[in-house]
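Structure, as structure tokens:
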Amino acid sequence: MVALPVYFLDAPLAQQIVNRTMAIIGHNINVMNNQGTILGSGDPHRIGSVHEGALLAISQNRTVEINAAGADNLQGVKPGINLPLHYQGEIIGVIGITGEPEHLIAYGELLKMSAEMIVEQANSLELVQWQNRQQEEFILQLIKGEHRDMTHLQSWATRLNIDLNTPRVVAVIQVQDDNAQTTANSLLKQVLNLLETPSRGNLIAMSSMTELVILKPAFLDGKQWSANLESQRIDQLLKRLPSEMSAKLNIALGHYFPQPTDIHRSYQTAKETLRFGMQMHPEQSKYLFEDYALLVMLSGLKDDWRGQQLLQPFERLIEQDSNQQLRKTLTAYLNHFGDQQACAKHLFVHRNTLRYRLEKIAQITNIDLHSLNGLLQLYLGQAMLAAKQD
């Protein structure tokens, strides 16, 4: 269970109350916590001392007026009035005004109200910041995929008012800025503000100084997943950004997985899509999983023995193709689905030249280029090589 933040009156907030209220009247102000210790004061020398007048106000939960005679009998006290401060029905401290009580009564309730409003605003802001931090941590836990206790995860989501069963897909935004990480971080925060206004149900977190992860509602039409609709939404976002800002951003959309517990897989596919997209088409800024699906899926095999076996024929070709002529020929041949005439025309070579190169490729790789299985193995090997390279 995620604990709610604990509210208290700390020294910075107490001094803020002092500074703001002393601007209203020309009297010294002290702010004490619920133990009677002075946390903030117009007289810095009094900070840290215990105010017995505040202790009376706390114990009796009432305004305590202290004249000059009464002040002599109390420790750390000067003439004035002390009013208990409340937040959510609890006494959280005391505000004291130094001066003759009869002259201060008119100010007392006004300053008490002002102080309590400052406390409420500060704690409301703290609550929002806490919720943002908790939501960000929750999102980071989801995309890591390390959660095992679904009961705990569901309880956490409920506390944050997040519906875990909402179908979502992951998009990743990365800043390409060679100047400084602080600049990249500032840019991402601007993008985050745009995404949150309006939020459209997005869950957003900064996963690093240069990366933003977005868990987007997957059913934009309310019925089913559509990568095309999401692509259009990304285009709309990029149009909202100033050109100098969008030029520094790369965004990738991952694959949609129906099970809510598989959101980390969507994140993985978005990251891989971003990697391949930037590697193969650095001039673009938007990359979709559907355009790199084969590479992304094969990337999971790069450290597996199956991937190594699949790559071997293509690696043999690389070893004996120093000028990359055979690789370019094979790529053209595969792209033209084995149509030699179209391939030769594309390469601006005679068909006999093409035939000679293909025979050499077959000899080196020990693959039958007239076989569908052979062509598929070389095609997958070529894709595996791209998946293996970082």
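The values are calculated or read from the model by the stated rules, or taken from the named source; none is laboratory data. As the structure is a computational prediction, the values presented were derived from the model and not from experiment. Virtual Cβ from ideal backbone geometry, glycine too; neighbours counted across all protein chains shown.
Observations
- Any chance ARG159 is modelled with pLDDT under 85, on the phi < 0 side of the Ramachandran plot and of a type in the set (D, E, K, R): yes
- Annotation note: Cβ proximity below 7 Å between a residue of the range 327-343 that is in the same structural domain as LEU317 (by TED's automatic domain parsing) and closer than 20 Å to GLN363 by Cα and a residue that is hydroxyl-bearing (Ser, Thr, Tyr) and not in a loop (DSSP other than H, G, I, E, B) (sequence gap 6+ or interchain) occurs for LEU334/TYR379; CYS343/TYR333.
- VAL77 being within 13 Å of MET32 (Cα to Cα) and either at pLDDT 90 or above or under 43 Å from the mean Cα position of the chain (by Cα) (or both): no
- Selection within the range 49-70: residues that are in contact with a strand residue (DSSP E or B) (Cβ under 8 Å, 6 or more places away or on another chain) and free of Cβ contacts under 8 Å to residues at least 24 places away in the same chain. The member of this set that is farthest from GLU90 (Cα to Cα) is VAL64.
- Cross-chain or 6+ apart pairs with Cβ under 7 Å, the range 253-278 first and crowded, with 21+ Cβ neighbours inside 10 Å, then of a type in the set (Asp, Glu) and modelled with pLDDT under 95: LEU253/GLU230
- Qualifying residue in the range 307-320 (condition: more than 30 Å from ILE251 (Cβ to Cβ), among the charged types (D, E, K, R) and not in a helix (DSSP H, G or I)): no
- The number of residues in the range 212-240 being surrounded by 17 or more Cβ atoms within 10 Å (Cβ to Cβ) and among the charged types (D, E, K, R) comes to 2.
- At least 1 residues being touching a Pro at 6+ places or on another chain (Cβ under 9 Å) is the threshold, and among the strands (runs of 3 or more DSSP E) wholly inside the range 1-93 those reaching it are 38-41, 64-66, 80-87.
- Options ARG46, ARG20; residue that is farther than 30 Å from SER155 by Cα and in contact with a strand residue (DSSP E or B) (Cβ under 8 Å, 6 or more places away or on another chain): ARG46
- Among residues of the range 113-131, those that are free of Cβ contacts under 8 Å to residues at least 40 places away in the same chain and surrounded by 13 or more Cβ atoms within 10 Å (Cβ to Cβ), counted: 3
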